[in-house]
Amino acid sequence: MHELTAQQARRVAVRAQLLGADRPTDLLDAVRHLSLLQVEPTAAVAPSAHVVAWSRLGASYRTSVLDGLVADGSLVELHSMLRPAEDLALYRAEMAAWPGPGELKPWQVDLVGWVEANDDTRRDILAQLHDEGPCTARELPDTTLVPWQSSGWNNDRNVRRLLDMMVQRGEVAVAGTEGRDKLWDLAERVYPDVVPVPLEEAFRIRGARRLRALGIARQRATVSPGEPNDVGPVGEEARVEGLRGTWRVDPSYLHDLDDLEGRTALLSPLDRLVFDRKRMAELFRFDYQLEMYKPAAKRRWGYWALPVLHGDQLVGKVDASADRDAGVLRVNAVHEDGRWNRSLRSAVDDEIASLGRWLGLVVER
């Protein structure tokens with residue numbers, strides 16, 4: 001059992017996310033370490049995956065590098081996450097076991113029943129992709145006999161929901177984009193030909209990869225779409241000063257915790273340092289929500305406010321937006337958590353200026 005102070009726990013998390021003073025220099029190596037980049041097309045500043053890459057690599061990062069890694073197949077999209085292509089070996093057995101191993105739960109039985117009821121549509125989609133190559137969802141036939149029913153969000157989105165199931169089954173995959181629409185193709189033409197890792201071993205390796213990327217995490221956490229926030233029994237047990245329960249920690253990060261050289265960084269709202277809001281609040285005592293879905297009058301920090309990391313603390317938010325037509329990066333507000341000193345304000349100003357240069361925009365405040 002490791003006994004960690006709150007500061008030491010934060011430093012483990014920062015170090016694991018490659019946000020210390022020593023920046024990575026190779027994007028593919030960085031993604032292999034982080035295990036994923038979340039795909040989110042919202043570009044209030046820039047798409048999240050690019051902001052995450054810039055916050056790690058800094059001024060040397062070019063968006064064409066990430067685009068190139070996707071184009072040449074080094075990174076593939078699975079469950080709205082860009083992952084190293086070789087990691088598909090860790091998901092193949094789960095795809096083959098869809099909708100899950102062992103005795104099925106009622107909701108899994110319902111999924112199987114819905115896909116079986118619309119098997120003709122599934123086959124039509126596979127046939128069209130085979131013959132025509134990548135297509136958007138709107139170009140694929142909706143011949144479903146049983147429409148998808150939900151609480152309202154996904155009603156009448158039959159083809160998109162069926163494509164989601166077909167991704168989980170390993171039949172189709174995202175092959176690129178056309179504007180804001182995803183292009184779909186047969187998985188065999190997108191994914192590398194890798195030998196599947198057996199299911200239980202794959203779950204263990206995925207948990208270990210997740211813990212390496214997070215540094216410290218709960219063994220169990222609330223279910224999260226796309227990628228879990230918990231890590232299972234991997235790593236070693238730890239207690240964090242002032243927090244209830246136990247954590248799992250990657251012991252490789254436990255050296256020199258009292259001598260972390262940090263830096264100031266602007267983070268995507270979907271950055272993994274802050275994406276698990278419960279973990280963020282526990283470790284960093286940081287109050288933050290992504291407010292893009294809130295009415296403007298109810299926003300406290302802004303549509304797509306960027307959390308500010310300083311050393312091992314989250315200290316504020318920068319409400320900024322890119323107006324590419326006008327050629328400016330508009331900084332609507334800088335929200336300080338607590339009282340900033342002159343040095344911290346200067347460091348944040350430097351990061352805002354760096355963000356503007358990276359985007360090729362003039363900062364307007």
Karplus (6.51, -1.76, 1.60) ³J(HN,Hα), θ = phi - 60°, over segment 218-229, in Hz, Gly and Pro reported as x
6, 5, 10, 8, 4, 4, 10, x, x, 8, x, 9
Rounded percent of accessible protein surface that carbon and sulfur make up, the chain, 1.4 Å probe:
48
The answer for residue 76, listing residues at least 5 apart or on another chain whose modeled amide H is closer than 5 Å to its amide H, is 83, 85
Give me the number: length gained by fully extending residue 28 to residue 342, i.e. 0.36 nm times residue separation minus the C-alpha to C-alpha distance, one decimal in nm.
109.4 nm
So which residue, out of 123, 342, 11, gets the largest mean-square fluctuation from a GNM of the chain using Cα contacts under 10 Å as springs?
342
Between 318, 296, 340, whose Cα lies farthest towards the positive end of the dipole of segment 294-352 when Lys and Arg beta carbons carry +1 and Asp and Glu beta carbons carry -1, centred on the Cα centre?
296
From Cα pairs below 8 angstrom and at least 6 apart in sequence, can you work out the relative contact order of the chain, rounded to a whole percent?
19
Set Lys and Arg Cβ to +1 and Asp and Glu Cβ to -1, take the dipole of the chain about its Cα centre, and tell me which of 257, 44, 129 lies farthest positive.
257
Determine ³J(HN,Hα), in whole Hz, for all residues of segment 175-188 in sequence, where each value follows from phi through the Karplus function 6.51 cos²θ - 1.76 cosθ + 1.60 and θ = phi - 60°; x replaces Gly and Pro.
10, x, 9, 10, x, 9, 8, 7, 9, 10, 8, 5, 4, 5
So which trypsin sites (Lys or Arg not before Pro) in segment 160-189 pass both tests, a DSSP loop state and at most 10 other Cβ atoms within 10 Å of the Cβ?
180
How much accessible area does residue 67 have with a 1.4 Å probe, in Å² rounded to the nearest 10?
80
Of 268, 305, 353, whose Cα points farthest to the positive end of the dipole of segment 257-361 (charges on the beta-carbon: +1 Lys, Arg; -1 Asp, Glu; origin at the Cα centre)?
305
From the square roots a ≥ b ≥ c of the eigenvalues of the alpha-carbon gyration tensor of segment 112-258, which class results: rounded (a/c under 1.5), prolate (a/b over b/c), or oblate?
prolate
Of 19, 267, 66, the most mobile residue in a GNM of the chain (C-alpha springs, cutoff 10 Å) is 66
How much length, in nm to one decimal, is gained on full extension between residue 110 and residue 123, taken as 0.36 nm per residue of separation minus their Cα-Cα distance?
2.7 nm
Total charge dipole magnitude, segment 117-242, about the Cα centre, Cβ charges on Lys, Arg, Asp, Glu only, Debye to nearest 20:
560
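Counting heavy atoms of the protein chains only and a 1.4 Å probe, report the per residue accessible area for the chain as a whole number of Å².
49
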The correct ranking of 263, 220, 209 by accessible area at 1.4 Å, largest first, is 220, 209, 263
Where a Cα-Cα gap under 19 Å defines reach, which lysines qualify for residue 278, not counting those fewer than 8 residues away within the same chain?
317
Given springs between every Cα pair under 10 Å in a Gaussian network model of the chain, which of 322, 49, 127 has the largest fluctuation?
127
Using only Cα atoms, tell me the angle between helix 48-57 and the longest principal axis of the chain; keep it within 0 to 90° and round to the nearest 10.
40
Apply the Karplus parameterisation 6.51 cos²θ - 1.76 cosθ + 1.60, with θ equal to phi minus 60°, to every residue of segment 272-286 and state each ³J(HN,Hα) to the nearest whole Hz, in sequence, with x for glycine and proline.
5, 5, 10, 5, 7, 5, 5, 4, 4, 5, 5, 7, 10, 6, 10
Pull up all non-local amide H partners of residue 333: gap of 5 or more, or a different chain, and H-to-H distance under 5 Å with H placed in the peptide plane.
319
Only Cα pairs under 8 Å and at least 6 apart count here; give the relative contact order of segment 276-365 as a rounded whole percent.
20
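The values are calculated or read from the model by the stated rules, or taken from the named source; none is laboratory data. Since this is a predicted model, take the numbers as computed values, not measurements. Every residue, glycine among them, receives a Cβ derived from its backbone with ideal geometry; neighbour counts consider all protein chains shown. These accessible areas exclude ligands, DNA and RNA; they are computed on the full protein's heavy atoms, side chains included. Shrake-Rupley method; radii C 1.70, N 1.55, O 1.52, S 1.80 Å.
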